[in-house]
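Have a look at the structure below before the remarks.
The values are calculated or read from the model by the stated rules, or taken from the named source; none is laboratory data. Computed from a predicted model, the values in this text were never measured in an experiment. Here the Cβ is made from the backbone with ideal geometry for all residues, glycine too, and neighbour counts use every protein chain on show. Heads up: the accessible areas ignore ligands, DNA and RNA and are worked out on the full protein's heavy atoms, side chains in. Shrake-Rupley method; radii C 1.70, N 1.55, O 1.52, S 1.80 Å.
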Amino acid sequence: MSDKITLTIPKKKNIALIAHDGKKAELIQWCKDNSEILKKHFLCGTGTTARMIADATDLPVRGYNSGPLGGDQQIGAKIVEGKIDFVIFFSDPLTAAPHDPDVKALMRIAQVYDIPFANNKATADFMINSPLMDDEYNHDVINFQQNIEHRAETLPNK
C-alpha cells in the first residue's frame, strides 16, 4: 500500500467563500468582479458571508453556520469529506477573532488535504485566474488509512 493517494479536484470546483467582518465588503466586490468564473462552480460559505454574497451578486451560495458558531469547522469537515476543494478566505489580520482556533484548524486541514487556500485578494486573484481553474487537478495526499493502520500496529497492546 502506498504512502500517498491521488485525489482529483474536478473541473467544476467546490469553492468555500469566507470573510471576517472587516473583509466582507472586499470579498463581495471580488465575487462581483469574478462572477463569470465563479458561476461555473459550486459555491458555499459561512453564514453571513454566504448570504451577503448571494444577495449582492445573484450567485447561488450554500450557507453554513457563521464562523464563530461552527461554520469554519463545517467547512473543514467538508474538506475532509472531499466536498470542498478550494477555499477563498479573506481574513483580517488586524482584528482579533474569538474563533481564531477554528480558523487555524481550517487552515491546517486545508494544508493536510493539499487544498488551494487564498487568505487575501492577491492570492485569490492568482488562483482564480490560473489555467488550472478550467481543468481537473490531481494531487497526492497522505494515505490516511495506511497511516492509521501503521499507528495502530505500533501502539502498545494493553
(message) Within segment 67-76, take every residue that is of a type in the set (Gly, Ala, Ser) and more than 10 Å from the chain's Cα centre (by Cα) and give me the one that is surrounded by the fewest Cβ atoms within 10 Å (Cβ to Cβ).
(response) Gly70
(request) Please state which one of Ala16, Ala50 is surrounded by 22 or more Cβ atoms within 10 Å (Cβ to Cβ) and within 30 Å of Asn143 (Cβ to Cβ). (result) Ala16
(request) Mind listing whichever residues of segment 72-93 are under 14 Å from Met107 (Cβ atoms) and of a type in the set (Gly, Ala, Ser)? (result) Gly76, Ser91
(message) Of everything in segment 1-13, what is open to solvent by less than 20 Å² (accessible area, probe 1.4 Å) and part of a strand (DSSP E or B)? Give them in sequence order.
(response) Ile9
(message) Of all residues being basic (Lys, Arg) and surrounded by fewer than 21 Cβ atoms within 10 Å (Cβ to Cβ) in segment 19-46, which is nearest to Leu132 (Cα to Cα)? Just the residue, please.
(response) Lys40
(request) Determine whether Ser130 is without any contact (Cβ under 8 Å) to a residue 24 or more places away in the chain, open to solvent by less than 70 Å² (accessible area, probe 1.4 Å) and out of contact with any Lys or Arg (no Cβ under 6 Å at 6 or more places or on another chain). (result) yes
(message) Yes or no: segment 82-96 includes at least one residue that is of a type outside the set (Ser, Thr, Tyr) and in contact with a His (Cβ under 6 Å, 6 or more places away or on another chain).
(response) yes
(request) Within segment 27-61, work out how many residues are assigned to a loop (DSSP other than H, G, I, E, B) and of a type in the set (Asp, Glu). (result) 1
(message) Being modelled with pLDDT under 95, of a type in the set (D, E, K, R) and over 17 Å from the mean Cα position of the chain (by Cα) is the requirement here; does Asp33 meet it?
(response) no
(request) Scan (1) more than 15 Å from Leu38 (Cβ to Cβ); (2) touching a Leu at 6+ places or on another chain (Cβ under 7 Å) for the single condition Phe117 breaks and write down its number. (result) (2)
(message) I need a count of the residues in segment 101-121 that are open to solvent by 60 Å² or more (accessible area, probe 1.4 Å) and part of a helix (DSSP H, G or I).
(response) 6
(request) All but one of (1) assigned to a loop (DSSP other than H, G, I, E, B); (2) surrounded by fewer than 18 Cβ atoms within 10 Å (Cβ to Cβ); (3) touching a residue at least 60 places away in the same chain (Cβ under 8 Å) hold for Ile84, so report the exception by its number. (result) (2)
(request) Examine segment 87-97 for a residue that is farther than 27 Å from Ile28 by Cβ, in a strand (DSSP E or B) and not acidic (Asp, Glu), and state whether such a residue exists. (result) no
